[in-house]
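A short write-up of the structure that comes next.
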Amino acid sequence: MVKTRILLLFPHMMMPGGALNYMLNLAEILRGHGATVGILALQVDRQRYDRNAEIQLLNVDGPLTSSLGYWLLYPFWQMKINRMIREWHPDVLIPQVFPANWWAWLYKRRNSEIPIVWFCPEPSAFIHSQSWIDALKPFWNRYLARALNPILFRIDIRLSRFSDKIIANSNFTAGMIERVYRRKADAVAYPAIDFREFHSENSTEKQEAIITVAHLSRFKRVDFLLRVFSLVLKQYPQLLYHIVGRGEDEDELKDLARKLHISANVIFHGRLDNEQLAALYRRSLLFLHGSVDEPFGMAPLEAIACGTPVMAHKSGGPLEFVNENCGRLIASVNAEDWASEIAEYLDFLFAHKDFPDQVRECAKRFDWSLTLQPAVDIIAGLCAQRPRVP
C-alpha cells in the first residue's frame with residue numbers, strides 16, 4: 001500500500017465511541033502499511049483526536065448529522081464533501097457509519113473509477129432499524145424518520161450497489177447485510193481493544209458494584225437495567241450500580257432511578273477517560289449489557305479485558321464473544337428473570353475470587369492487528385489493482 005492514498009469517511013469526530021475508535025485504529029494500521037491516510041468528517045475535535053500528525057484530518061465544518069439543519073441542506077453538504085474528496089485525490093474510499101456510506105456512494109455515482117470499501121457496523125441504522133428510529137429524540141425526529149422511511153429505504157438499497165467490498169464487524173452483522181442488501185459481506189473484521197489501556201499488572205480488589213457503559217438512549221435499554229437492578233437490590237442491598245455515558249435519555253434515567261427509590265445506589269458518571277474507565281471496570285464485579293441485537297458491543301469486550309464478566313442478552317454480537325468463561329447470556333427480556341440470573345451469578349463470583357483471571361484471557365484474541373487483518377488484505381488487493389499515476 002506504499003504511496004496509496006486512502007480516505008476514511010466518518011460523520012463526526014466529536015465524542016468517543018466504539019465506531020470512531022474502530023476507524024482510528026484502522027487508520028493507524030493502514031498508515032503502518034505505508035499508505036497516506038486521511039479522515040474526512042463534518043466536525044472534528046482536533047484537540048481530542050489529532051493524535052497522529054501523519055493521519056490527515058479533513059474538517060468539513062458542517063453541522064452534526066443528527067440536526068435538522070444538516071438534512072435540510074443535505075445537497076449543499078454533499079457537494080462540499082464531494083469537492084473535498086476530489087481535491088484530496090484518494091485511491092480508495094472507506095466509509096463507515098451512516099450517512100458516511102451515502103457520501104461515498106453518491107461521490108462514486110460521478111466517479112465510477114474509485115473503489116469503495118464499506119465498513120458496515122450495521123445496515124444504515126436510522127433506515128433499517130425500528131429500534132433506532134424509536135429511540136430518536138426530539139419526537140419530531142421520530143415522526144420525520146418514519147414518514148421518510150419508505151423513500152430512504154429504497155435510496156439506501158439502490159445506492160449500496162456502489163460498494164465494491166463490504167466488511168462486517170461481526171457474523172451477526174454479516175447476516176443483516178445479506179438480508180437487507182441481498183449480498184454477502186466480503187469479510188468480517190471484529191472490533192478489538194488496546195490492552196495497554198485496559199490491562200493492569202496489579203490486581204484490583206473487586207467491590208460490591210456492577211457497571212454499564214453505554215450511550216444513554218432507548219436502544220441501549222438502560223431503563224430496563226435500572227428496573228432489574230432495583231430487584232437485585234432486594235438480595236444485595238449494599239450493591240452499587242455505576243452507569244457511564246451520556247445521551248438524550250440521561251435525565252429520564254435519573255428520574256427513573258428516583259422513582260424506583262434506588263438513587264442512593266446508582267452513580268451516573270457521565271463520560272470518563274480511558275484510564276478512569278478501566279479502573280472502574282476492574283473494581284466492578286459484573287458488567288450489564290441491555291441491548292437486544294447489538295451488532296457487536298465494544299464496552300462488554302473492554303470489561304472482559306479488565307477481568308469483569310458480562311451479563312448480556314442472548315442475541316447479536318455478544319453471542320460471538322461472551323461464553324461461560326467470561327459471562328452469561330440471557331434469552332429472556334423479563335426483568336425478574338434477569339434479576340434472578342444476576343443474583344445467582346453474583347453468588348458464583350463471590351465464591352470464585354480468581355475468576356477475573358480467566359475472564360481476561362477471553363479478550364486476548366481481540367487484538368487490532370489480528371481482527372483487522374482480513375480487511376487490510378481486501379484493501380491491499382484493491383490498491384494493487386489501481387493504476388499508478390506518475
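Among the residues of region 87-99, which ones are in contact with a helix residue (DSSP H, G or I) (Cβ under 8 Å, 6 or more places away or on another chain) and farther than 10 Å from Phe119 by Cα? Lay out the reasoning, then the answer.
Of region 87-99, the ones in contact with a helix residue (DSSP H, G or I) (Cβ under 8 Å, 6 or more places away or on another chain) are 91-98.
Selection gives Asp91, Val92, Leu93, Phe98.
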Open item on the list: Looking only at region 335-390, count every residue that is within 28 Å of the chain's Cα centre (by Cα) and in a loop (DSSP other than H, G, I, E, B) and tell me the total.
Closed with: 6
Task: Conditions (1) among the hydrophobic types (A, V, I, L, M, F, W, C); (2) in contact with a strand residue (DSSP E or B) (Cβ under 8 Å, 6 or more places away or on another chain); (3) in contact (Cβ under 8 Å) with a residue 60 or more places away in the chain: number failed by Met15 - done: (2)
Open item on the list: Out of everything in region 143-174 that is of a type in the set (Phe, Trp, Tyr) and modelled with pLDDT of 90 or more, what residue ends up being nearest to Glu320 (Cα to Cα)?
Closed with: Phe172
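With respect to Gln238, is the statement that it is free of Cβ contacts under 8 Å to residues at least 60 places away in the same chain, in a loop (DSSP other than H, G, I, E, B) and not acidic (Asp, Glu) true?
Judged against the criteria, Gln238 is a match.
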Task: Qualifying residue in region 296-312 (condition: of a type in the set (A, V, I, L, M, F, W, C), more than 15 Å from Ile211 (Cα to Cα) and surrounded by fewer than 17 Cβ atoms within 10 Å (Cβ to Cβ)) - done: no
Task: Criterion violated by Arg258 - all others in (1) surrounded by 15 or more Cβ atoms within 10 Å (Cβ to Cβ); (2) modelled with pLDDT of 95 or more satisfied - done: (1)
Task: Count of residues meeting criterion [within 25 Å of Gly307 (Cα to Cα) and surrounded by 17 or more Cβ atoms within 10 Å (Cβ to Cβ)] in region 246-255 - done: 0
Open item on the list: Here are the criteria: (1) surrounded by fewer than 21 Cβ atoms within 10 Å (Cβ to Cβ); (2) of a type in the set (A, V, I, L, M, F, W, C); (3) part of a strand (DSSP E or B). Tell me which single one Ile243 does not satisfy.
Closed with: (1)
Task: Residue among Glu302, Glu294 that alone is touching a residue at least 12 places away in the same chain (Cβ under 8 Å) and either outside the structural domain of Leu231 (by TED's automatic domain parsing) or assigned to a loop (DSSP other than H, G, I, E, B) (or both) - done: Glu294
Task: Out of Trp118, Trp103, sole residue that is in contact (Cβ under 8 Å) with a residue 12 or more places away in the chain, surrounded by 14 or more Cβ atoms within 10 Å (Cβ to Cβ) and in a helix (DSSP H, G or I) - done: Trp103
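The values are calculated or read from the model by the stated rules, or taken from the named source; none is laboratory data. These figures come from a predicted structure and were not determined experimentally. Note: ideal-geometry Cβ built from the backbone for every residue, glycine included; neighbour counts use all protein chains shown.
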